[in-house]
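Structure first, then comments.
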Amino acid sequence: MKLKSYSITSILLLLLTVVGCSKEPSQGGGFEGEETYKYFLLSALGSWPNTVHYITATNDVTQGEMNLNREGDEINSKGTYSYIVKNGYIYNYKTDQRVFKKMKYTKDKLVTELEIPFSYINDISAFTWVDDNTLLVFGDTSDVERIRYTVFDVRTLKVIKQGDVTGLEPFPQGYEYYSIGSAAYIDGVVYLQYSFRSAKWVYPSFYNFATISYNDFKVIKSEPDNRSSGASSGSPYFRTSFIKDNNSFYYSCFTRTNSENNDIYLFRIIAGQETIDRSYEINLTKTLGGLKPETAMDYIGDNKMIISYRDPAKGSSYNARYAIIDLETKRVVRVLTELPLDEPYELGFFTQDQKVYMAINSAEEGNYVWIYDLKTDKVTKGMTLPDKISGFARFDKFYDK
Amino acid sequence: MRPFKEIFFCFLLLLLPSLLSAQGTVGKVKGIVLDSQSTPVIGVSVTIKGSTTGVQTDLDGKFELQYKEGQHTLIFSYVGLLEESRNVQFNSSPKSLTVVMKDEASVLDDVVVSVKGKVDALKEQAFAVSAVDMKKLANSTFDLNQILNKSSGIKVRQQGGVGSDYNFSVNGMSGKAVKFFIDGVPLEMLGKGVDMNTLPVNMAQRVEIYKGVVPVHLSTDAMGGAVDIITSGNSKDYLDASYTTGSFNTHKVNLNGQLKDKSTGIIMRLNSFYNYSDNDYTMRNMKIYNPSAEKYEYRDVKRFNDRYKSMFVMAEFGIEDKSWADMLFVGVSHSLFDKQIQTGSNQDIVYGGVNQDGSANNYFLKYKKKDLINGRFDVNYYVGLSKSLDKGTDTLMRKYSWDGSYVPSAASELGSPSLSRQNRDRVFSQLTTEFRLGDFHKVNFNHMLDYVKNRSYNELHESKYDVYPTKMTKQIFSFNYQQDWFDRRWTNVFFAKYYLVDLEKTVFNSSTRKDKLVSSQSGDWGYGIASTFKITKEFGLKASFEKSYRLLEPEEIFGDGISVTSNLNLRPENSYNYNFGMYYSQRFNDHFVRVDAAGYIRDTKDYIYTVPNLFNSTFKYENLSNIFTRGVEAEFNYQYKNIVNVMANITYNYAYDNTKYANGSDNVESATYKKEVPNQPWLYGNIDVSIGQDNLFQKDSRIELTYGVSITEWFYKNWQSYGNKKNIPTIPRQTLHDVGINYSVAKGKYNFALNCTNIGNALAYDNFKLQKQGRAFYFKFRYSLK
C-alpha cells in the first residue's frame, strides 16, 4: 500500500507542479497608448495558416517606432481587415457573422463602438462617401443577380435607405453574373463601373459604366466600353480608382482569368457628364514599360498619381517599386528608386497634402515609413516599422486632413 | 534514387548473417499458448529444460523454437498462470502444438490475473505506439474519441456533440497527416457515417495509435501517425448488444455477433450500430441582437440545429482453418448519416438550415494464409470497393441568430446556395507478405493500391454527368526487414516505402473556354527504422525514425483554372519523425506498476496552404511553412489486485514556426521564425481511477466506480511574442471531471453503466472557443454472450 500511495502522490504532484508553473497571462499592464490616433498600420505576421494581423497606430509617422513586441492588437477575431476609415473610426462588414461594425482604435486596443445585424448585401464590392457621415456601399446577392446599395448614417449605423440599382444593362448571351467595379459619389450622382462574367469568371470583351441618380438609384446612363474588359476592385481591401479634385473619377480594369494577356488601363469620367471620356485612356502596363501594376494606386495632387508595380527582373519577391505618373502627359515622371524594393501585401500607402506615405516591407535590414513630397520631389525616411514580416496589409490615415 | 541504394545495401548487410545462419537448420517445434478463456497469451517464456535456449510467445501467442533434433521437454511459465511442461519432438516438419495454461487466480481470491495483454506487448514494440485495451472499456458510455483523448500524446479537438467534426492530433500533427484504419483498412472505406466518435466501443478489441512512425502494414501517406481500430478476431461464437441513452436525447444501439456453423465451418459475423442525438445542449452567454433595445445582449440558449443520426451494418461470411486458407471472408457494409450543422469555425457564426447527409456501400474480400513454403511464408490480402454519395445542403437565404430567429439575407448561410454532391468510388487493395528467414529474421513486402474517382458538383446548377471526375491512384510499395537478437531482447525493424501517385483531372482553360484534361505522375521514397531493447524483463528502451509524406491531391497541383491556379512545382508535405522511449513494468506482490515515457521530434517541411494572388483575385497552393515540434509524454499505470486501477498521463508539446524566410525569399528571416506556434494546446494530462470489487452483492458480479479528470492548460490563441500583452487572447485552462459506476452480473453477461461527464458543469470548449456540452448523464445496458 505504501508504494501505491507514493506512486499516486508522485504523479499527482508532477501534474500539479507542471500545471502550477504555467501561469495564465494577466490582462492588466502592458503598453498604454494614446486616446486617439491619426495613422494606423496593419501588419501580417507568420506563415500560413498561422498568419495573424495586428493593428498599431501613431500620431506621427515621421519619427519614432512601431514595435510589435510591445504594442498592437490582433484583428482577425474582430473582423475582416477590409476597413473603411473616416473621421477616426473604422467601419467593417464581418460577412461570416453578418454584422456591420463601427470600431475605434484607442489606448492601443481595437474597440467596437457600435454594431448592427446586416445581411442586405453579400459583401462590400464597392463603397464611396456621400459626405462625412453618409456611407454608400454596393454589393450583390447570391440567389438572384442584381446590384444592391445601402446608405448608412455612420454616426448611428442606421440604414438611411437601401434597394436595387435599376436600369442596368441586360446580361449578354453566356454571362450570368455581375462583376462590380469601383464607385464614386460626386454632386448628387453616383458613378459605377461594372462588368458581366460567366460562372467560370470569363468576361466579355468590354466593361460597362453607369451614372446613377443618388436620389432613387435609377441608372441615368449605362454604356459599354470595349477598350478593356473586367472591372476594377472597389472593395475596401484595395484601391484601384480615385476621385481627382472632386471633378473627375479615374478607374482601372482587371480580369481574373487570362489576366496575363490583358494590359491594365486607366479611364475616366468627368463629373457632371453622363458618359465616359472616351478621348482619355492610359495603358498603365505600357506606361510602366510592360510591367503589371498592383491593385494599389491613388491620386496625389497636381495631376499626379502613384502606382505600385512588380518588376520580375528584381526577383520573385521583394521586387515592387512605386512610380509617379502624370495624368495629363500619361508618362511616368518619377520612379521612387530611393526606396528599397518592396514586398507588397495589399495597400501599404496613403496620400495626404500632396505627400505619399509608404510602409515599405523590404528585404534589407529594417522597415520604415518613406515619405514622398510631390512639391519638393524629395523622399525622406520616417518612422521605424516592424520588419521580417509577411507584409503590410494596410497603411492609412484615420482622418482625411 | 540515392537514399534507396544506401538502404538496399544496408538491408543486404543486415540480412547476411541471417541468411548464413538459416543454412544450418536443425529440428524445431512451434505452437500457440492460450489461457483458460482460449485467448492467446503474449510473452510466455518457453524454454527447453536443461538448456538456456528459449523464446517468448509473440503478439498472437505463438512461438517457434529451434534446437537439436529429438525429444525434449518444454517449460511454459508466466506470472499469474500455472507453469506447464510438455515433452515434444523436435524435427524438420513439426506439427503445431496448443498449450492451455490455467490461471493461478482460480485458486486464490483477489489475485490479479496478470497475463501481459496484447496492449502491454504492443507498447514494448519498436514502434512508438499507444494501445488502448477496449475490452476493459466495453461497458463505457464514452465514444472512441473520448477514450483516446485520454491517451498521452493525443488531443482530440471536437466541434460539438455526438457526430460533430473533430481534429485528431497525434504528437502535435493532425488533419490530413493522421490516417484512420479499421483492421488495417482505411476507415473512409466505410463512409462518413463511421468515424471515431460514432464507432461503438464494443466493436473494438483494442485501438493502436502509431505515432510519427507507421509500420508498413498500414501503408499510406500518414505523415503524422495512424490509428488502427482492431475488431474481434476471435473464432468463437459471441453476441454483444448494447443500448445507451442519455442527455440531449442521445440514443446509441449496437449489435455485434458471430456464429459458426459447425457442419460447414462457415462463419457469419455481424457488426451494426445506430446513433441518434439532438445535441441540444445549452450554450452559455451567446450574443443575440435585441431589436427593441437596438443592441446585442448575452443569453444562455439551447443549440437548435445540431441533430445527428448515423447507421451502420456490416455482414461478413467466411471460413477459417482450411488447408488453403487460414481465413477467407467476403463482406458487405452499408452506412448512412444525417447531420445538421449548427456553427461555423467559431460560435459567432450560427446556422439554422445547413445540413449534410450521405451513404456508402462497401464490398470486400479478405484472405489470410500462414506458414506456406515450409512454414516460412505468410500472405494476407484485402480488396474492397466502396461507393459513396455525400450531400451538403445550404439553400436558405437567411441569417440565423442563436435564439433560432432569422432575417432574410443576401447570401445563403455558407455564402452561395448549393446542393453539393460528392460521388466517390474507391478501390483499396493491400497485399501483405512475410517471409521468415530464420527464427530471428523476417522480411515483409507489401503493396497497397488506393484508387479514388471523385465527382463533386452543385446539383442546383449541374448534374453528375456534367462533371469530369477527378482521379487519384496511390500505390505504395513497402519493404520491411525485422531482426531479433539476444533471444528477442533486441529487435530492429528497417523499412522503406515507395509512394507512386497518379493524378488526373480537368482544368478550365480561359483562352479556349474549354475544360482540358491534365495528369501527372510522381514518386517519392520514404524510409525508417525502429528499434527496441529489453535491458531486463521489466525495463526496455526504444527508438524509431521515419521520413514520411502527405501526398499531393489533384486540386492542389492542378487548381481549377478559375479561382485556383495550378502549381506544378508543388512538393508533397514531408516530415522527419523521431521517437525515443522507455518502459518499465514491475509487480510487487499484489501491486503492478507500469511506466511509459517518450520523447518525440517532428521536423515537418513544405506544409501546403493557399496563397492569394491579389493581382487577379485567385489562389494558388504553395509549400509555405515548416513546423518543428518536440515534446515529451509519460504514462503511469498502477493496479492493486483486481480492485484498484490508476492511470495518469501528461503530455508536453512545443511547436515552433520553422519557416526561416518570409515571402519565399532566401534572405529575409521571418519575424516568427523559431517562435511558438499559436492556438495549440501545449500541456495536457489525464487521471483515471477505478475501484472495483467482485462478488459484492451476488456471486459472479462486479461493481466498479470510476473517476476521471482531464486538464488542458491555457494556451495563446495568437503569437505570444507580438502585440500588446494585455491584448493577447488566451484559451483558458479547462478541467473536466467525469464519474461513473458499472455493475456486471452473471460473469459479465449483463452489464449496467451510469456515467456523468463534466460533473462540475465547467465551461468547456475546443477549436477557437467552440463551446462543448456541460454536465451530461448517460446510461448503458450491455448484454454479452460468449
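A compact table of results
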{"read-out": "P(r) tail fraction, chain B - alpha-carbon pairs more than 53 Å apart, %", "value": "13 percent"}
{"read-out": "Interface size B-A, as summed buried accessible area [1.4 Å probe, Å², nearest 100]", "value": "6800 Å²"}
{"read-out": "Accessible-area composition of chain B, carbon plus sulfur, in percent [1.4 Å probe]", "value": "55 percent"}
{"read-out": "Among the listed pairs B:LYS464/B:LYS769; A:LYS104/B:LYS302; A:LYS109/B:LYS675; B:LYS236/B:LYS309; B:LYS136/B:LYS236, those beyond 26 Å (Cα-Cα)", "value": "B:LYS464/B:LYS769; A:LYS104/B:LYS302; B:LYS236/B:LYS309"}
{"read-out": "5 angstrom amide H check on B:ILE182, placed H, neighbours 5+ away", "value": "B:LEU187, B:ILE229"}
{"read-out": "Theoretical FRET efficiency, 1/(1+(r/R0)^6), r = Cβ-Cβ of B:ALA241 and B:ALA762, R0 41 Å, to 0.05", "value": "0.75"}
{"read-out": "Neighbourhood net charge (12 Å Cβ-Cβ; Lys/Arg +1, Asp/Glu -1) for B:VAL330", "value": "+1"}
{"read-out": "Accessible area in the full protein assembly, largest first, 1.4 Å probe, for B:VAL26, A:VAL85", "value": "B:VAL26, A:VAL85"}
{"read-out": "HN-Hα J in Hz across region B:619-635 - Karplus 6.51, -1.76, 1.60, θ = phi - 60°, x for Gly and Pro", "value": "10, 9, 7, 9, 6, 10, 9, 10, 10, 10, 10, 9, x, 9, 9, 9, 9"}
{"read-out": "Across A:LYS102/A:LYS244; A:LYS102/A:LYS355; A:LYS286/B:LYS471; B:LYS123/B:LYS453; B:LYS339/B:LYS471, pairs whose alpha-carbon gap is larger than 32 Å", "value": "A:LYS286/B:LYS471; B:LYS123/B:LYS453"}
{"read-out": "Whole-Hz ³J(HN,Hα) from phi, Karplus 6.51 cos²θ - 1.76 cosθ + 1.60, for region B:261-275, glycine and proline x", "value": "7, 5, 6, 9, x, 6, 9, 10, 10, 9, 10, 8, 7, 9, 10"}
{"read-out": "For B:ASP524, solvent-accessible area (1.4 Å; no DNA, RNA or ligand), Å²", "value": "40 Å²"}
{"read-out": "Centre separation in Å (Cα based) which lies between region A:123-147 and region B:300-372", "value": "46 Å"}
{"read-out": "Rounded to the nearest 20 debye, dipole of region B:319-368 from Cβ charges on Lys, Arg, Asp, Glu", "value": "160 debye"}
{"read-out": "Rounded to the nearest 10 Å², the accessible area of B:VAL443 at probe 1.4 Å", "value": "20 Å²"}
{"read-out": "Within the accessible area of region A:173-293 (1.4 Å probe), percent carbon and sulfur", "value": "42 percent"}
{"read-out": "Accessible surface, chain A, averaged per residue in Å² (probe 1.4 Å)", "value": "38 Å²"}
{"read-out": "Net charge of Cβ neighbours under 13 Å - reference B:THR98; Lys, Arg +1; Asp, Glu -1", "value": "0"}
{"read-out": "For B:ARG307, residues with placed amide H under 5 Å, excluding near neighbours", "value": "B:GLN340"}
{"read-out": "Summed residue charge, Cβ within 14 Å of A:ASP373's Cβ, Lys/Arg positive, Asp/Glu negative", "value": "+2"}
{"read-out": "Nearest-ten-degree value, helix A:2-21 long axis tilted from longest Cα axis of chain A", "value": "40 degrees"}
{"read-out": "Cα-based helix-to-principal-axis angle, B:2-21 vs chain B, degrees rounded to 10", "value": "20 degrees"}
{"read-out": "Accessible area of B:TRP490 in the full protein assembly, 1.4 Å probe (Å², nearest 10)", "value": "90 Å²"}
{"read-out": "Sequence of A:ASP277, B:ASP300, A:ASP225 when ordered by accessible area, the most exposed leading, probe 1.4 angstrom", "value": "B:ASP300, A:ASP277, A:ASP225"}
{"read-out": "Under-5 Å amide H pairs with B:VAL354, H placed in peptide plane, nonlocal only", "value": "B:ILE341"}
{"read-out": "Calculated from backbone phi, Karplus (6.51, -1.76, 1.60) coupling profile of region A:40-47 in Hz, x at Gly/Pro", "value": "9, 9, 10, 10, 9, 10, x, 7"}
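The values are calculated or read from the model by the stated rules, or taken from the named source; none is laboratory data. Computed from a predicted structure; not experimentally measured. Please note: Cβ atoms are built from the backbone with ideal geometry, for glycine as well, and neighbour counts cover all protein chains shown. In case anyone asks, the SASA skips ligands and DNA or RNA and just uses the protein heavy atoms, side chains included. Shrake-Rupley method; radii C 1.70, N 1.55, O 1.52, S 1.80 Å.
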